[in-house]
Amino acid sequence: MPTLASMAIPEEGPVPFEDALVVIGTYLVSSPQQREEEHADLVATLPSALEANGVKKLRLYQGFWIRDIHVPAAIALQRQFEPRPDDVIVASLPKCGTTWLNALTFATMARKAYPPASADHPLRRLNPHQCLPFLEGLFKGGREAELELLPSPRLMNTHMPLPMVPSAVPGCRVVYVCRDPKDMAVSAWHFLRRLQPDLAFAVVFESVCDGAVAFGPVWDHVLSYWRASTAMPDKVLFLRYEELLRDPAKNVRKLARFIGMPFSAAEDEAGTVDSIVQLCSFGHLKGLDANKTGHLDPLLPVPRDALFRNGASGDWVNHMMPEMASHLDKIVADKMRGTGLTFQ
Ligand code: A3P
């Protein structure tokens with residue numbers, strides 16, 4: 001197996017995963033087919049539903065709706081993921097601010113090697129998702145050995161609910177971002193429409209209300225991290241997309257303290273926090289070639305620009321009737337009752 005010693009990138013992490021891959025190459029522990037076949041009998045017995053776009057199949061695995069292709073990854077993650085104490089994992093449901101939090105966390109953690117104002121910062125040439133390994137993507141493809149080759153501290157990304165990565169807490173640190181489920185539903189609809197233009201909003205809305213969305217139900221996903229954050233605040237940082245919008249600098253400082261890298265007086269003097277916020281701002285990222293061109297994944301023909309649509313909160317008012325909004329609000333409030341978490 002190659003080492004990173006010869007890499008023209010820092011020996012300390014996090015390093016942009018895309019750069020590391022140039023050296024590591026693709027390292028298969030088992031082929032994606034082997035991993036799929038290994039668990040095919042179990043997957044076939046699980047309750048199923050179609051995702052809102054009617055294409056992808058979801059399976060109900062241990063109370064969560066996981067895409068059938070990701071169930072073997074969930075099982076492998078549960079059994080084999082070994083966090084290092086200085087790892088950081090960015091966790092979220094899709095369409096809740098993952099791309100932004102990936103960028104902010106990478107820029108904050110890697111700021112010594114990659115000063116945020118520098119012209120050759122990785123986030124100026126790579127999409128934020130290219131900077132972090134996506135756990136279920138690697139475990140689905142039998143590629144988890146690539147994680148072992150990354151220098152510490154590692155920064156990784158997952159959409160899995162916490163029960164699918166049980167060793168993450170308290171094994172390392174997790175930064176979670178949640179978002180008003182109404183705006184998440186709107187964002188998901190616009191995203192899925194890039195693949196299926198005639199998809200009705202009502203179909204996506206119903207799937208959110210029913211709980212049958214990838215990695216959902218939404219409330220169980222959010223609560224899995226919320227409960228861990230209240231029990232172990234030094235291990236799980238629970239953020240909100242709306243709060244990030246309201247005061248990004250305050251949240252970047254919070255993030256830096258959480259990962260054990262608070263900003264120094266010299267960095268305050270140099271305006272490092274503002275540089276990070278600016279580097280990762282919606283307007284800046286949206287305008288970069290790395291985010292305007294190409295596709296998310298060779299297997300997922302969604303253009304990268306679909307990740308940068310509106311970048312605001314409250315767009316739900318333009319998409320749903322007040323009765324729909326209160327219906328979803330009530331479902332979520334009922335599920336959250338007694339947990340100390342609210343979305344109102
Ligand atoms: P909208 O569709 O409401 O605009 P994810 O990254 O989890 O898929 O979430 C996508 C949502 O985050 C989209 O919401 C997108 O516009 C928004 N987003 C992406 N980058 C952002 C940034 N730098 N600042 C604020 N919002 C951002």
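The values are calculated or read from the model by the stated rules, or taken from the named source; none is laboratory data. Just so it is clear, the structure is predicted and the values come from calculations on it, not from any experiment. Positions of Cβ are generated from backbone atoms using ideal geometry, with glycine treated the same way; all protein chains shown enter the neighbour counts. All accessible areas refer to the heavy atoms of the entire protein, side chains included, with ligands and DNA or RNA removed. Shrake-Rupley method; radii C 1.70, N 1.55, O 1.52, S 1.80 Å.
Data for the structure
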quantity	calculated
Rounded D (µm²/s) - region 15-94, Kirkwood Rh over Cα pairs, Stokes-Einstein at 4 °C, 1.567 mPa s	87 µm²/s
Stokes-Einstein translational diffusion, region 45-195 - Kirkwood Rh over all Cα pairs, 0.890 mPa s, 25 °C, in µm²/s	148 µm²/s
Rounded to the nearest 10 Å², the accessible area of residue 24 at probe 1.4 Å	10 Å²
Computed [θ] at 222 nm, deg cm²/dmol, the chain (DSSP H ≥ 4; -39,500 (n - 2.57); rounded to nearest 500)	-12000 deg cm²/dmol
Kirkwood Rh, angstrom, region 212-252 [1 / mean 1/r, Cα pairs]	11.5 Å
More than 11 angstrom apart: percent of Cα pairs within region 59-100	74 percent
Volume of the Cα convex hull of region 185-344, divided per residue and given in Å³	149 Å³
Of 250/286; 235/330; 140/335; 286/335; 112/254, those spanning more than 28 Å from alpha-carbon to alpha-carbon	235/330; 140/335; 286/335
Qualifying GluC sites (Glu not before Pro) in region 1-105, DSSP loop, other Cβ atoms within 10 Å at most 14	11, 12
At R0 = 45 Å, FRET efficiency that the Cβ-Cβ distance of residue 60 and residue 270 yields, to 0.05	0.35
Accessible area, probe 1.4 Å, largest first, for residues 123, 195	195, 123
Inter-site label distance for residue 30 and residue 200 at 7 Å from Cα along Cβ, in nm	4.2 nm
Rounded FRET efficiency, nearest 0.05, which uses the C-beta distance separating residue 12 from residue 148 and R0 of 22 Å	0.85
Residue 61 long-range amide H proximity, modeled H, under 5 Å	66
Residues in region 101-141 reached by a label modelled at residue 21 [backbone nitrogen below 18 Å; 7 Å Cα→Cβ]	102-103, 106, 122-141
Accessible surface, per residue, of region 225-344 when the full set of protein chains is kept, probe 1.4 Å, Å²	54 Å²
Projected area, mean over directions - region 239-301, Cα convex hull, nm²	6.0 nm²
Estimated inter-spin distance, residue 257 and residue 125, nm [label 7 Å along Cα→Cβ]	3.6 nm
At 1.002 mPa s and 20 °C, Stokes D of the chain from Kirkwood alpha-carbon radius, µm² per second	104 µm²/s
Calculated log₁₀ intensity ratio I(q)/I(0) where the Debye formula runs over C-alpha points of region 158-201, q = 0.14, 0.27, 0.30 Å⁻¹	-0.52, -0.92, -1.02
Alpha carbon centroid spacing (whole Å) that separates region 154-229 from region 26-103	12 Å
Cα-centred dipole magnitude for the chain, charges only on beta-carbon of K, R (+1) and D, E (-1), debye, nearest 20	420 debye
Residue order for 67, 246 - accessible surface, 1.4 angstrom probe, largest first	246, 67
